[in-house]
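> Right, I'll just put the structure down here and ask away after.
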Amino acid sequence: MLVKLNYTTGDIVSFKLVNGDEILARVEGTTNQGWTLSKPLNVVPSSQGIGLMQSMMAMDIEHTVELFSSAVMMHTPVVKELSDHYILTTTGIQPVTRGSIITGA
């Protein structure tokens, strides 16, 4: 099955898998069968909001994985807040948000 894989290297994308799991990962490339991803993390709800947990515990997080489109029901770029949380979780770097030129009176 040919799927439109219109992500570029570095995009952080959410994938809803056929087993019900949702993962966030950085797209490293595309193949005829799906995507090459780095640092896949499962989305886990918690009492404090959304958490991210390593998808494969035995995986060397520096290696890439292949995700086949046949295992995916839906996919979309993530919202800014989750993208920032993903970057913080995988790198330890807090993304800077653009400031406003409007100040309180």
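Nothing in this text is a laboratory measurement; each read-out follows from the coordinates by a stated rule. Computed from a predicted structure; not experimentally measured. Don't worry about glycine lacking a Cβ; one is built from the backbone with ideal geometry, like all the others, and counts go over all protein chains shown.
> Are there any pairs, at least 6 apart or on different chains, whose C-beta atoms fall under 8 Å, with the first in segment 72-83 and in contact (Cβ under 8 Å) with a residue 12 or more places away in the chain and surrounded by fewer than 16 Cβ atoms within 10 Å (Cβ to Cβ) and the second part of a loop (DSSP other than H, G, I, E, B) and of a type in the set (A, V, I, L, M), and if so, which?
Within 8 Å, the pairs are M73/V18.
> Looking only at residues in segment 84-94 that are assigned to a helix (DSSP H, G or I) and either out of contact with any Ser or Thr (no Cβ under 9 Å at 6 or more places or on another chain) or among the aromatic types (F, W, Y) (or both), which one is surrounded by the fewest Cβ atoms within 10 Å (Cβ to Cβ)?
Here the answer is T91.
> I need the full set of residues from segment 41-64 which are among the aliphatic types (A, V, I, L, M), closer than 13 Å to T89 by Cβ and either free of Cβ contacts under 8 Å to residues at least 24 places away in the same chain or part of a loop (DSSP other than H, G, I, E, B) (or both), in order please.
Of everything in segment 41-64, those that are among the aliphatic types (A, V, I, L, M), closer than 13 Å to T89 by Cβ and either free of Cβ contacts under 8 Å to residues at least 24 places away in the same chain or part of a loop (DSSP other than H, G, I, E, B) (or both) turn out to be V44, M53, I61.
> Can you list residue pairs whose Cβ atoms sit under 8 Å apart, with the first residue in segment 20-32 being more than 21 Å from I87 (Cβ to Cβ) and the second being of a type in the set (D, E, K, R)? Count only pairs 6 or more apart in sequence or on different chains.
T31/E66
> State whether one or more residues within segment 6-14 are part of a strand (DSSP E or B) and hydrophobic (A, V, I, L, M, F, W, C).
Yes, segment 6-14 contains a residue that is part of a strand (DSSP E or B) and hydrophobic (A, V, I, L, M, F, W, C).
Matching residues to (1) in contact with a Ser or Thr (Cβ under 6 Å, 6 or more places away or on another chain); (2) not small (G, A, S):
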position: G29; (1), (2): yes, no
position: N32; (1), (2): no, yes
position: W35; (1), (2): no, yes
position: V44; (1), (2): no, yes
position: Q48; (1), (2): no, yes
position: M53; (1), (2): no, yes
position: M57; (1), (2): no, yes
position: T64; (1), (2): yes, yes
position: S70; (1), (2): no, no
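> Looking at segment 37-65, which of its residues are surrounded by 12 or more Cβ atoms within 10 Å (Cβ to Cβ) and among the acidic types (D, E)?
none
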